[in-house]
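The values are calculated or read from the model by the stated rules, or taken from the named source; none is laboratory data. Keep in mind it's a predicted model, so treat the numbers as computed, not measured. Glycine gets a Cβ as well: all are built from the backbone with ideal geometry, and neighbour counts include every protein chain shown. These accessible areas exclude ligands, DNA and RNA; they are computed on the full protein's heavy atoms, side chains included. Shrake-Rupley method; radii C 1.70, N 1.55, O 1.52, S 1.80 Å.
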Amino acid sequence: MGTTATVLSISFTTVCVLGIAFVIYIARSTRNPAVAAPDHGALAEREKAWFGVVVVLLVSLLVATIFFTPYGRTASANAQVEKIEAIQFAWLIPSTPLQAGRQVEFKLTSADVNHSFAVYTMSGELLFEVQVMPGRTTDYVYTFKHAGTYRVLCLEYCGVGHAEMENQLTVTA
Ligand code: CUA
């Protein structure tokens, strides 16, 4: 087993054990006659406080992540436009290579059903994924940092040949 698998297994087991212990604790506490009747007023106050905590957490998460939303990015004037069409079961990609360090404005559409355009490095790192739908064009702006060959896969099940939907993007320096 690799290091990551070991860490995941230990973490998963720990969370499971803690979860089971918590459920047992809750179940037992509801049957304990020695526990006095709950103070509903205090509980209502605590509920308000926890609601506030949840709201603050969610708003902080929203503010911290919303600026990283990749959709809606606008391409600069010198961006390379790359029109890609998905069909069952292939990616139709122009043969012209892309340039590293220069924005690529992907214009993605599908001829038939929903697909998902996923670009990976050759070592298997997912760089981005874009939903591709029939009847509309999805724009996505991305800048490749390095020259090389990138793998294109489909990440949405689209029929019997889904796993064969593979192609490549060539990026030059
Ligand atoms: Cu196209 Cu899966």
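From the list SER116, SER123, the one residue that fits, being touching a residue at least 24 places away in the same chain (Cβ under 8 Å) and either outside any loop (DSSP other than H, G, I, E, B) or out of contact with any strand residue (DSSP E or B) (no Cβ under 7 Å at 6 or more places or on another chain) (or both), is SER116. Against the definition (away from the ligand (no atom under 16 Å from the Cβ) and under 12 Å from TYR140 (Cβ atoms)), how does LEU127 come out, yes or no? Judged against the criteria, LEU127 is a match. With respect to the conditions (1) of a type outside the set (Lys, Arg); (2) at pLDDT 95 or above; (3) under 18 Å from the mean Cα position of the chain (by Cα), PRO134 falls short on a single one, namely (3).
Scanning segment 115-126 for residues that are of a type in the set (A, V, I, L, M, F, W, C), within 22 Å of TYR71 (Cβ to Cβ) and either open to solvent by 50 Å² or more (accessible area, probe 1.4 Å) or touching a helix residue (DSSP H, G or I) at 6+ places or on another chain (Cβ under 9 Å) (or both) yields a single hit, LEU126.
Applying a threshold of 9 Å to beta carbon distances and a minimum spacing of six or more residues, or different chains, the list of pairs starting in segment 1-13 at a residue that is without any contact (Cβ under 8 Å) to a residue 40 or more places away in the chain and ending at one that is part of a loop (DSSP other than H, G, I, E, B) and open to solvent by 100 Å² or more (accessible area, probe 1.4 Å) reads SER9/MET1. Cβ-Cβ contacts under 7 Å between residues 6 or more apart (or on different chains), taken from a first residue in segment 84-99 that is in the same structural domain as VAL113 (by TED's automatic domain parsing) and among the polar types (S, T, N, Q) to a second residue that is open to solvent by 40 Å² or more (accessible area, probe 1.4 Å) and within 12 Å of the ligand (Cβ to nearest atom), are listed as GLN88/ASP112; GLN88/VAL113.
Of the residues making up segment 134-168, those that are open to solvent by less than 40 Å² (accessible area, probe 1.4 Å) and more than 16 Å from the ligand (Cβ to nearest atom) number 5.
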